[in-house]
1. Order of 128-135, 97-104, 146-153 by packing, highest average Cβ count within 10 Å first?
2. Using amide H atoms built in the peptide plane, which far-off residues or other-chain residues are under 5 Å from Ser196 H to H?
3. Order of Met142, Met44 from fewest to most other C-beta atoms within 10 Å?
4. Going by C-beta contacts inside 10 Å, put Lys86, Lys185 in order with the fewest on the left.
5. Evaluate the distance, in nm, between pseudo-label points positioned 7 Å from the Cα of Leu182 and of Leu119 along their respective Cα→Cβ axes.
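No value in this document is a laboratory result; all are computed from the given coordinates. Being a predicted model, the structure only gives us computed values, none of them experimental. So basically every Cβ, Gly included, is an ideal-geometry build from the backbone, and we count neighbours across all protein chains shown.
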Amino acid sequence: MFPLQLLIGFILFAMLFALIQIGALSIAFDKLGLSMSSAMLLLMSSLLGSGINLPLFTIDARGPQNMQRPQPPAWLNAGLPLREGKVLVAMNVGGGLLPIAFSAYLLANYPLPLGTVALAIAIQAAVCFAASRPIPRLGIGMPILLAPITAALIAVLLLPEQSPPLAYVCGTMGVLIGADLLRLKDVRGLGSPFASIGGAGTFDGVFVTGIVAVLLA
């Protein structure tokens, strides 16, 4: 009976955790002015898109490449095959492309001064670059709560009346620039033939960073 009770307890805990997450997401999306249907569409698109990586380009690798690691499907890197001495750089749809598109939507629908937005993104990118570190065989690591807390503080200090949308924009774009794009040179020596910007591969996803930043702002 004990294994069954343990399984039931685990299922109940997972359901409770999911409900807490959904509640937090609902609050965050409400602060961004999204309806429940739009919020669920964005969430489902992020979840489905997290498994899709769009190949961008290859860069030269430094050091030995571990080509025995699990490789992405052949269709995913069509036209850009993984090769010894090369690293395939891709854009994750759920963690990279979608946050960029949603940030563009927020900029088009909220009165956010572009100068303030640029300053906020620059500060966030500098913090993320300084705090991130390459971890061989794993990727680019950074304290998990640093990015959303920093984004929320930046947004509240620079534009308190519009802090939620600014927190999302600077949080996601700052991570993409500071911990992803500016760290491309470090990907060469990580020992992985594949790097996913904004995804669960070499780089951390940024979607959750934006949501948590909005909750804190």
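1. 146-153, 97-104, 128-135
2. Ala90, Gly201, Thr202, Phe203
3. Ranked by crowding around the Cβ, least crowded first: Met44, Met142.
4. Ordered from fewest to most neighbouring Cβ atoms within 10 Å, Lys86, Lys185 come out as Lys185, Lys86.
5. 1.8 nm
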